[in-house]
Amino acid sequence: MGTVALKHIVKYYGKNLVVNDIDEVIHDGEFVTLLGPSGCGKTTILRMIAGFEKPSSGEIWFDDQLVAGGKTFLPPEKRNIGMVFQSYAVWPHMTVFENTAYPLTIRKLPKEEIRRKVEKTLDLMHLSQYADRTPDQLSGGQQQRVALARALVGEPKLLLLDEPLSNLDAKLRESMRFEIKRIQNELHITVLYVTHDQTEAMSMSDRIIVINKGVRQQEGTPEDIYKHPANPFVADFLGKVDFFRGKAENGSITIPEMKNQTIPYTGEHRGDVYVAVRPENIIFSEGGELSGILEVQYYLGDTANFRVRVGNSLVRVITDGHAYHSVREGDPVRLSIREFIVFPDDGSLEETLQIKT
Ligand SMILES: Nc1ncnc2c1ncn2[C@@H]1O[C@H](COP(=O)(O)OP(=O)(O)OP(=O)(O)O)[C@@H](O)[C@H]1O
Ligand SMILES: [Mg+2]
């Protein structure tokens with residue numbers, strides 16, 4: 001089993017609709033991430049796949065076996081899934097070895113087989129030297145790896161990870177991202193990962209499914225979603241973006257809040273639109289189509305960040321660090337937008353992004 005199919009999954013808690021018609025196939029060996037804000041239903045989806053919750057309607061299939069749907073419901077212990085929960089708990093009174101062995105011990109496997117499997121898993125997780133320690137003698141990252149070892153020891157074909165790195169500091173998170181990818185490659189397993197952190201999602205996933213309020217917004221490769229977001233919510237959730245209201249005509253978009261300055265446009269939309277611009281897609285350029293005044297700049301080493309007043313708008317610009325000295329606060333500057341995304345103005349942006357105007 002390595003393929004998971006979710007067929008029109010709906011989940012209510014009481015009257016509260018928290019998962020709304022999720023229809024997805026996660027293929028054997030794929031690394032797929034559910035990405036969305038807090039409360040959007042990510043954990044609920046994982047819990048239904050693991051067998052800790054029943055869908056209100058819809059079906060879940062593992063390869064060609066129905067595991068939930070209609071009258072069928074397979075309990076978690078019959079699903080052979082590895083899972084690391086959002087608040088990963090390793091048992092404080094057990095050693096690393098015992099923690100890792102636990103899923104095999106309750107399955108009453110022969111002692112010798114348990115020892116062999118645990119040693120192999122600890123080796124894979126670079127934990128062998130800590131086998132006899134208890135969790136209070138480990139760092140957060142090492143404890144995290146114990147939780148992963150325990151999820152992997154039963155050799156699941158499917159690994160469900162619910163924000164497994166949320167308790168770690170930034171450096172450890174980054175190295176654990178590589179560890180998880182490495183293990184997935186070595187074991188050739190299917191991983192369904194849950195996070196609200198876009199960097200985590202983008203750095204590990206073959207495919208990302210963006211969810212908001214229980215509804216799928218878009219799915220695709222990290223690059224697809226970043227470059228071609230399906231709606232303003234997705235554009236805003238992945239990466240930095242500024243939105244400006246404009247009027248699209250054949251050849252240009254006029255932006256009233258920028259004192260009616262225009263940007264060239266040859267796309268399909270006409271009339272009221274939102275122009276979504278990522279700050280890394282704006283450059284300082286003498287022949288640039290927008291003119292403004294540099295209000296603020298700051299240096300972050302790898303990047304330099306700027307805020308430029310264009311009419312009544314503040315435009316964010318991010319360049320590499322070297323551009324820092326090319327302009328000064330108070331200077332008139334010209335900007336050129338290399339790439340932008342246009343969405344029709346259906347009046348939903350404020351609600352979607354909770355912007356107060
Ligand atoms: N057992 C439950 N009973 C009632 N409501 C629940 C239950 N579990 C979750 N919910 C509600 O369902 C919605 C989705 O919760 P879920 O835990 O799936 O969100 P999430 O996307 O994992 O959020 P987070 O990023 O904060 O972990 C929330 O509104 C939550 O309050
Ligand atoms: Mg959650």
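Laboratory data are not the source of any read-out in this text; all were calculated from the coordinates shown. Nothing here was measured: the structure is a model prediction, and the numbers come from that model. In this analysis, Cβ positions are derived from the backbone assuming ideal geometry, glycine residues included, and neighbour counts consider all displayed protein chains.
For GLU223 and GLN129, what is the calculated FRET efficiency with R₀ set at 30 Å and r taken between the beta-carbons, to the nearest 0.05?
It comes out at approximately 0.15.
Calculate, for LEU314 and GLU112, the FRET efficiency according to 1/(1 + (r/R0)^6) with r their C-beta to C-beta distance and R0 41 Å; round to the nearest 0.05.
0.05
List the GluC sites (Glu not before Pro) within region 273-347 that fall in a DSSP loop (any state other than H, G, I, E or B) and whose Cβ has at most 12 other Cβ atoms within 10 Å.
Here the GluC sites (Glu not before Pro) that fit, given the DSSP loop and packing criteria, are GLU286, GLU329, GLU339.
Which whole-number percentage describes the relative contact order of region 4-234, with Cα contacts under 8 Å and a sequence gap of 6 or more?
In percent, rounded to a whole number, it is 28.
Which residues make up the longest stretch of the chain that has no trypsin sites (Lys or Arg not before Pro) in a DSSP loop with at most 10 other Cβ atoms within 10 Å?
The reported range is 109-327.
If I take R0 = 25 Å and measure r between the Cβ atoms of GLU339 and ARG177 in this structure, what FRET efficiency does the formula 1/(1 + (r/R0)^6) give, to the nearest 0.05?
Efficiency computed from Cβ-Cβ geometry: 0.40.
Looking at the chain, do any whole DSSP H helices span at least 15 angstrom along their long axis by alpha carbon and average -1.0 or above on Kyte-Doolittle, and which?
Helix filter hits for the chain: 96-106, 140-152, 170-187.
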